[in-house]
There are 2 protein chains.
Amino acid sequence: MRIRFHRKLDDLKERLLVMAGMAEQAIQRSVEAYRVRDLSLCDLVVRSEISINSFEREIDQMALDLLAMEQPMAIDLRFILAVIKINADLERVGDQAVSISDRVRDLQAFPVVDLPVDIPRMASLASAMVRKALQGFIEADAEMATSVLTMDDQVDKLNDAAFFALSNLIKEQPRFTPQALHALMIARNLERVGDHATNIAEDVIFWVRGADVRHHLST
Amino acid sequence: MRIRFHRKLDDLKERLLVMAGMAEQAIQRSVEAYRVRDLSLCDLVVRSEISINSFEREIDQMALDLLAMEQPMAIDLRFILAVIKINADLERVGDQAVSISDRVRDLQAFPVVDLPVDIPRMASLASAMVRKALQGFIEADAEMATSVLTMDDQVDKLNDAAFFALSNLIKEQPRFTPQALHALMIARNLERVGDHATNIAEDVIFWVRGADVRHHLST
């Protein structure tokens, strides 16, 4: 019984990792779509959101079944709760990718201009945060998860810098307003991805340490 | 034993309602701070975030204890899961209020201008969504929760209109760029509050109906 239970916990973990991979890929695709202005990548992102959503439901159901079937011990309970919360955050990472894709579509109406914001760099940092938080989850490594919280400050700083640089550009060259505003919104989407990675990292730390660090390390 | 368990479920629900009230008040205060440019209200919002965060932890712990102590039936399990998810969304509503307060502080550096965006109206709509979703939760009323999903379309439309009107203003009167950008970000924060209310409504429907409507009604 116990062995079967632990096998199911492993299945749940495996499923969540696939979900994480899909969410990360969606972000990469949406930012690649922005970089090369490729609308077929936007289509892929929108289509993958459907899979991500059905994965979310499936994982929640697996977690619910595990909670219903057995009387999990405290550490397993915390693990299942962490999965439920991480799952919700990953689904929202997928939503951010869709928002970015929508912006890329809107941008098609305007000429390409060189903007003072490094979207690909912000994206690779935000993706690295998601990956690292999940790695902390796989290896039950609270230290690794903690390092995500400091990475979040970098993403926030890049986002603040983007806001400053783009609003200056708009003031000086108002004809680029639409492009600059869309880029600003994409930067904001990536900052949100960083926030979700931070949430995931905090859930990992909570599961591993059994103590709640939320709202401590991150402030 | 069963009676004690149900009393604890009621306590959990009660606690979540207090949390919801705090989150809603934080939004109201931050938007009032925007309306009358009152920084003392911003301080209140930041201070209340600390209480909201500690409430979130407390509610999660209560839910965890309930899961650990008893073997809840399927409907109660779904209820506890809904509480955990709603709890996370309410905490993020509080985060949005803090973001709005930060914007209000930044706005102090610039003269007040009349902007083509009705922030108080967006805020009252988003707050009404949160309230209605929670009312659906109290009364186990899936119909009421469903009505939140259509309200979200209105908030999204207001946000799109704000984006359009403010970007036009910036193009025509670039000297108002900072004020317009901050207002744009506040509109976006309120749109996020609407998203959280939608998440809450979907969790309520899931709990009441036992079926997962996420990603169906909302699209």
**Subset of the stretch B:8-43 that is among the hydrophobic types (A, V, I, L, M, F, W, C) and farther than 22 Å from B:A187 by Cβ - its residue that is surrounded by the fewest Cβ atoms within 10 Å (Cβ to Cβ)** = B:V18
**Request:** Evaluate the stretch A:190-207: report whether one residue or more is under 25 Å from B:T177 (Cβ atoms), of a type outside the set (S, T, N, Q), touching a residue at least 12 places away in the same chain (Cβ under 8 Å) and more than 10 Å from chain B (Cβ to nearest Cβ).
**Result:** yes
**Message:** So A:I86 passes all but one of these: (1) without any contact (Cβ under 8 Å) to a residue 12 or more places away in the chain; (2) buried (at least 21 other Cβ atoms within 10 Å of the Cβ). Which condition number does it fail?
**Reply:** (1)
**Prompt:** Can you find a residue in the stretch A:110-131 that is crowded, with 22+ Cβ neighbours inside 10 Å, closer than 25 Å to B:Q96 by Cβ and in contact with a Ser or Thr (Cβ under 6 Å, 6 or more places away or on another chain)?
**Reply:** no
**Asked** What do you reckon, is B:A74 in contact with a Gly (Cβ under 9 Å, 6 or more places away or on another chain), more than 30 Å from B:F176 (Cα to Cα) and modelled with pLDDT under 95?
**Response** yes
**Message:** Would you confirm whether or not the stretch B:126-136 contains a residue that is free of Cβ contacts under 8 Å to residues at least 60 places away in the same chain and over 21 Å from B:A74 (Cα atoms)?
**Reply:** yes
**Request:** For A:I170, state whether it is part of a helix (DSSP H, G or I), closer than 22 Å to A:S30 by Cα and of a type outside the set (S, T, Y).
**Result:** no
**Request:** Of all residues in the stretch B:44-83, count the ones that are surrounded by fewer than 18 Cβ atoms within 10 Å (Cβ to Cβ), within 9 Å of chain A (Cβ to nearest Cβ) and small (G, A, S).
**Result:** 3
**Request:** Considering every residue within the stretch A:6-29, establish whether at least one is under 15 Å from A:D102 (Cβ atoms), within 10 Å of chain B (Cβ to nearest Cβ) and touching a residue at least 12 places away in the same chain (Cβ under 8 Å).
**Result:** no
**Conditions (1) part of a helix (DSSP H, G or I); (2) over 29 Å from B:D203 (Cα atoms); (3) touching a residue at least 40 places away in the same chain (Cβ under 8 Å); (4) over 17 Å from the mean Cα position of the chain (by Cα): number failed by A:R78** = (2)
**Request:** Kindly establish whether A:V104 is touching a Ser or Thr at 6+ places or on another chain (Cβ under 9 Å), more than 14 Å from chain B (Cβ to nearest Cβ) and surrounded by 17 or more Cβ atoms within 10 Å (Cβ to Cβ).
**Result:** yes
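The values are calculated or read from the model by the stated rules, or taken from the named source; none is laboratory data. Since this is a predicted model, take the numbers as computed values, not measurements. Note: ideal-geometry Cβ built from the backbone for every residue, glycine included; neighbour counts use all protein chains shown.
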